[in-house]
1. For A94, state whether it is in a loop (DSSP other than H, G, I, E, B), in contact with a Gly (Cβ under 8 Å, 6 or more places away or on another chain) and under 25 Å from G120 (Cα atoms).
2. Of the residues that sit in region 97-109 and are in contact with a Phe, Trp or Tyr (Cβ under 7 Å, 6 or more places away or on another chain) and either assigned to a loop (DSSP other than H, G, I, E, B) or basic (K, R) (or both), which one is surrounded by the fewest Cβ atoms within 10 Å (Cβ to Cβ)?
3. Looking only at region 5-39, which residues are in a loop (DSSP other than H, G, I, E, B), out of contact with any strand residue (DSSP E or B) (no Cβ under 6 Å at 6 or more places or on another chain) and under 18 Å from N68 (Cα atoms)?
4. Given the residues G86, G112, which is the only one that is within 15 Å of A18 (Cα to Cα), surrounded by fewer than 18 Cβ atoms within 10 Å (Cβ to Cβ) and modelled with pLDDT of 90 or more?
5. For G43, indicate whether it is under 12 Å from the mean Cα position of the chain (by Cα) and in a loop (DSSP other than H, G, I, E, B).
6. Just one of the numbered conditions (1) in contact (Cβ under 8 Å) with a residue 40 or more places away in the chain; (2) more than 20 Å from Q78 (Cβ to Cβ); (3) touching a Leu at 6+ places or on another chain (Cβ under 9 Å) is not true of Y22; which one?
Amino acid sequence: MNGRNPIFIHYVHDMGRARRFYESVFEVSPSFSSPGWTTLNFGSFELALHILSPDDMDEAPLPHAGLNLEVDRIEEIQSLIEKNGGTMIELREADSSVPDRVATFRDPEGNGFELRQHVGFPV
């Protein structure tokens, strides 16, 4: 295997706010933490929070970094997300070709991620 140890990186303006968001919503803890870099352990992957330098114009929060997590009920997690400063952008319901509901969110720093809820194919 040429690729291993998946990590997603979200660029953040406020490390404390970003950490509180992910720790509160997803109940994860940092495996490493510094003022410029925090790594949160999600089990099969890690999410790294990387502080943006005010002088660096090449890096910015990503509208969608490919982070997609399965949840039991989107609305339960949506409530936690919104309470912690995130916003829902879109909710797509399951249909005859996709058996999952998929919601797109932005964290308080502007990074995008998705939650999916498996419901099966509609009857």
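The values are calculated or read from the model by the stated rules, or taken from the named source; none is laboratory data. Nothing here was measured: the structure is a model prediction, and the numbers come from that model. Positions of Cβ are backbone-derived with ideal geometry, glycine not excepted, and every protein chain shown enters the neighbour counts.
1. It is true that A94 is in a loop (DSSP other than H, G, I, E, B), in contact with a Gly (Cβ under 8 Å, 6 or more places away or on another chain) and under 25 Å from G120 (Cα atoms).
2. P99
3. Scanning region 5-39 gives N5, P6, E27.
4. After applying the criteria, what remains is G112.
5. Values: under 12 Å from the mean Cα position of the chain (by Cα): no; in a loop (DSSP other than H, G, I, E, B): yes.
In short, no.
6. Going through the list (1) in contact (Cβ under 8 Å) with a residue 40 or more places away in the chain; (2) more than 20 Å from Q78 (Cβ to Cβ); (3) touching a Leu at 6+ places or on another chain (Cβ under 9 Å), Y22 breaks only (2).
Quick grid of which residues meet (1) assigned to a strand (DSSP E or B); (2) over 15 Å from the mean Cα position of the chain (by Cα); (3) under 14 Å from D14 (Cα atoms):
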{"residue": "H50", "(1), (2), (3)": "yes, no, yes"}
{"residue": "P61", "(1), (2), (3)": "no, no, yes"}
{"residue": "A65", "(1), (2), (3)": "no, no, no"}
{"residue": "I77", "(1), (2), (3)": "no, no, no"}
{"residue": "E82", "(1), (2), (3)": "no, no, no"}
{"residue": "M88", "(1), (2), (3)": "yes, no, no"}
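Let's see how each residue does on (1) of a type in the set (D, E, K, R); (2) free of Cβ contacts under 8 Å to residues at least 24 places away in the same chain; (3) in contact with a Pro (Cβ under 8 Å, 6 or more places away or on another chain):
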site	(1), (2), (3)
W37	no, yes, no
N41	no, yes, yes
H50	no, no, no
G66	no, no, no
Q78	no, no, no
G86	no, no, yes
P99	no, yes, no
P108	no, no, no
N111	no, no, yes
